[in-house]
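Remarks on the structure that follows.
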Amino acid sequence: MSQPEVYLMIRRRAAAAGIKTLIGCHTFRATGITAYLKNGGKLEVAQQTAAHESARTTGLYKPAPGRDLARRGGANRDLNDQSPHYRAG
């Protein structure tokens, strides 16, 4: 399956589920890392899992205390995806 086909499949399924936010593959990655850190996971383990060179990059996924995971800006990064395969809509 090609990258554009994956994006389209994810977006179709999200629409069918009533999700209005544009999502893509990175959304799953960002949500997984954020949920892991929010639930007490170690930054170093998340960094290794995400294959980030810097813990600072991984630290961007750590939600501020009291912030709702669904409202976290990082979870919507695909809205600004500049990949040549990205098409809104």
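The values are calculated or read from the model by the stated rules, or taken from the named source; none is laboratory data. Nothing here was measured: the structure is a model prediction, and the numbers come from that model. All Cβ positions, glycine included, derive from the backbone under ideal geometry; neighbour counts span all protein chains shown.
Of all residue pairs spaced 6 or more apart or on separate chains, those with beta-carbon atoms under 8 Å, a first member in segment 18-42 that is within 16 Å of residue 64 (Cβ to Cβ) and a second member that is of a type in the set (Lys, Arg) and surrounded by fewer than 19 Cβ atoms within 10 Å (Cβ to Cβ) are 30/77; 34/62; 34/72; 37/62; 38/62. Of all residues in segment 64-73, one or more are modelled with pLDDT under 85, among the hydrophobic types (A, V, I, L, M, F, W, C) and not in a helix (DSSP H, G or I). Filtered by the rule that a residue be out of contact with any Ser or Thr (no Cβ under 6 Å at 6 or more places or on another chain), free of Cβ contacts under 8 Å to residues at least 24 places away in the same chain and farther than 21 Å from residue 21 by Cβ, segment 51-65 gives 51, 53, 54, 55, 56, 57, 59, 65. When 7, 61 are screened for being modelled with pLDDT under 95 and not in a helix (DSSP H, G or I), only 61 passes. Is it fair to say residue 89 is modelled with pLDDT under 50 and within 21 Å of residue 11 (Cα to Cα)? Yes, satisfied.
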